[in-house]
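What follows is one structure encoded as structure tokens, with my remarks underneath.
The values are calculated or read from the model by the stated rules, or taken from the named source; none is laboratory data. Model, not experiment: these values are computed from the prediction. Every residue, glycine among them, receives a Cβ derived from its backbone with ideal geometry; neighbour counts consider all protein chains shown.
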Amino acid sequence: MLAEHGSGRREQELLCRCGQRLESRGVRRKELMTILGPVAYDRSRYQCPRCQAVRYPGDEALDVVGTTRSPGLRRMMARAGSQSTFKDGRDDLKIYAGLEVSAKDVERVAERIGQEMDIWSREEREQMPAEDGPEPDKDIPLMYISYDGTGVPMRPEELVGVKGKHADGVAKTREAKLGCVFTQTTVDEEGRPIRDPDSTTFAGAIERAEVFGWRIYGEAWRRGLARARRVVVLGDGAEWVKNLAEMHFPQALSIIDLYHARQHISALCRTLVGSDEKKMERRRQRWWALLDAGRVETIIFQARRFLPEDPDLKKAAEIEIRYLDKNKERMRYNTFRAQGLFVGSGVVEAGCKTVIGQRLKQSGMEWSVRGANAIIALRCIMKSNRLEDYWESRTA
Ligand SMILES: [Zn+2]
């Protein structure tokens, strides 16, 4: 079956990249590894008389240029390597399919496919039409865009110049940024929002915020940003999260994740009340209730009246107050809830665990940026249910 693709008379002449007509140079044998075991395959070799470049049209047709592994096998290896450690992946392939490959092979193939997927999704973003035509049937009532960061453990040489979180200044991780896009059409009987089933897709990488901004913007655009009647950006109050929202989604309603807001309230209570646990708990409950009611100004007003004497605590309290003041419009949880909107960034946080944590943050793991980004790309495509899209585009 393969031989049919690899050799035989060609109807059309083959051209080299340099424009010259290629000449047939006989048939060469290649040993292919397939999911049915090794298969010898004969295919015609063509060479350019001018620049000596070589092409095997059969390899191009079968998608085995520069590799001896069939697409089916590569697909299995990529999946195995993206699901668990490369060693586990190797064992799975042996048990499920009787295939003998090394852990290093699984790593190499998974990494290469991850890189190709990253290029594929970037090209897809870049080729997207700049404007969507009007398609009223396809309007999206409500689109959410949410993103967050999570640390990935790195090899020491990948951490040169990276500042650590702690006082000793030694970083062990680099931040991967992960974003998700999902939609909502309806609420339940109690008015709580319902995420559209299977509507969540992911995009992420270890990269600078500016670069990631275009990635998540591209993903939102692919999902129909232009056709969304309403857009909500959900995130913690981190500076980069806010900056990206202002730059790429100025039309969006911006909401700070309720649980992050609560943490800030707790931190504020701690600085004001000190070590009296009971008092601290009472105040916290009261202010959380005010927060739920969207009454951030009341919290600020009360906090200002009880500023501590200790200059360090006072400073800490003022930082929290400033945070609340700056972000108060993004904390009107009563209004958001009344409109049936999500107020928590649980989806992207769960994504940080399932897309990145489960595979990249196992104990003892140390990654290169390149390797980690390839696996993140693979897992984003997989968890977005887009693996088939990718393989189909390759076949095409
Ligand atoms: Zn040539």
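Worth a mention:
- Condition met for Asp91 (away from the ligand (no atom under 16 Å from the Cβ), in contact with a strand residue (DSSP E or B) (Cβ under 9 Å, 6 or more places away or on another chain) and of a type in the set (Asp, Glu)): no
- Scan of the range 4-16 for residues that are within 16 Å of the ligand (Cβ to nearest atom) and farther than 11 Å from Gln52 by Cα, ordered by number: Glu13, Leu14, Leu15
- Against the conditions (1) away from the ligand (no atom under 16 Å from the Cβ); (2) touching a residue at least 24 places away in the same chain (Cβ under 8 Å), Ala53 satisfies every one except (1).
Residues are listed down the side, and each one gets a yes or a no for (1) without any contact (Cβ under 8 Å) to a residue 40 or more places away in the chain; (2) surrounded by 12 or more Cβ atoms within 10 Å (Cβ to Cβ):
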{"site": "Tyr41", "(1), (2)": "yes, yes"}
{"site": "Gly58", "(1), (2)": "no, yes"}
{"site": "Gly66", "(1), (2)": "yes, no"}
{"site": "Ser82", "(1), (2)": "no, yes"}
{"site": "Val109", "(1), (2)": "no, yes"}
{"site": "Gly114", "(1), (2)": "no, yes"}
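- For Arg262, the requirement of being in a helix (DSSP H, G or I), under 35 Å from the mean Cα position of the chain (by Cα) and among the charged types (D, E, K, R) is met.
- The residue that is surrounded by the fewest Cβ atoms within 10 Å (Cβ to Cβ), among those in the range 18-28 that are among the hydrophobic types (A, V, I, L, M, F, W, C) and within 16 Å of the ligand (Cβ to nearest atom), is Cys18.
- Qualifying residues in the range 221-232 (those that are within 17 Å of Lys138 (Cα to Cα) and modelled with pLDDT of 95 or more) - the one surrounded by the most Cβ atoms within 10 Å (Cβ to Cβ): Val231
- Selection count, the range 29-50, where residues are touching a strand residue (DSSP E or B) at 6+ places or on another chain (Cβ under 9 Å) and within 16 Å of the ligand (Cβ to nearest atom): 5
- Of all the criteria given as (1) under 22 Å from the mean Cα position of the chain (by Cα); (2) crowded, with 20+ Cβ neighbours inside 10 Å; (3) of a type in the set (A, V, I, L, M, F, W, C), the one not satisfied by Met247 is (2).
- Test for Arg55: is it of a type in the set (Lys, Arg), modelled with pLDDT under 90 and farther than 24 Å from Ala377 by Cβ: no
- Among the residues of the range 339-352, the one identified as in contact (Cβ under 8 Å) with a residue 40 or more places away in the chain, surrounded by fewer than 21 Cβ atoms within 10 Å (Cβ to Cβ) and farther than 14 Å from Ile145 by Cα is Gly340.
- Out of Arg359, Arg386, Arg379, Arg330, one residue alone is more than 22 Å from Glu111 (Cβ to Cβ), in contact (Cβ under 8 Å) with a residue 60 or more places away in the chain and surrounded by 14 or more Cβ atoms within 10 Å (Cβ to Cβ). It is Arg330.
- Consider the range 56-83 and keep the residues that are under 16 Å from Glu100 (Cα atoms) and charged (D, E, K, R). The one that is farthest from the ligand (Cβ to nearest atom) is Arg79.
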